[in-house]
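Enquirer: Take a look at the following structure, please.
Computed from the coordinates by the stated procedures, all read-outs in this text should not be read as laboratory data. Bear in mind the structure is a predicted one, so any value in this text is a computation, not a measurement. With ideal geometry, Cβ positions are generated from the backbone for all residues, glycine too; neighbour counts draw on all protein chains shown.
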Amino acid sequence: MADLSLHYSSKAPLAGTFTAFSHVLATWRRRAKERKELATLDSRTLRDLGLSASDVNFEVNKPFWRS
């Protein structure tokens, strides 16, 4: 019989999970920060960007987890 052994570390799956979770948290923080900054822009800047007040209002009122 052939002896097959799989060399998995019990910590390896958790390391990948932690990395993925930290990326999700970083994305959520970035979205919240960008939406907060968007809310502070004046009407002239919004017009230069091609955004309306309703576009900004829609984006700013999204929860941080929604893209």
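Enquirer: How far apart, in nm, are the 7 Å Cα→Cβ label points at VAL24 and GLU59?
Expert: Placing both labels 7 Å beyond Cα along the Cβ direction yields 2.5 nm.
Enquirer: Residue by residue through segment 16-25, which ³J(HN,Hα) values in whole Hz follow from phi under the Karplus form 6.51 cos²θ - 1.76 cosθ + 1.60 (θ = phi - 60°), with glycine and proline marked x?
Expert: Each residue of segment 16-25 in turn: x, 5, 4, 5, 4, 5, 5, 5, 5, 4 Hz.
Enquirer: To continue, here is another question. At 0.36 nm per residue, minus the direct Cα-Cα distance, what do LEU49 and SER67 gain on full extension? Give it in nm, one decimal, please.
Expert: Additional length available on full extension: 4.6 nm.
Enquirer: Next question, about the same structure. Apply the Karplus parameterisation 6.51 cos²θ - 1.76 cosθ + 1.60, with θ equal to phi minus 60°, to every residue of segment 28-40 and state each ³J(HN,Hα) to the nearest whole Hz, in sequence, with x for glycine and proline.
Expert: 5, 5, 4, 4, 4, 5, 5, 5, 5, 5, 4, 5, 8
Enquirer: Still on this structure, please answer the following. Rank these for me by crowding, GLU37, GLU59, going from fewest to most other beta carbons within 10 Å.
Expert: By the 10 Å Cβ count, ascending, the order reads GLU37, GLU59.
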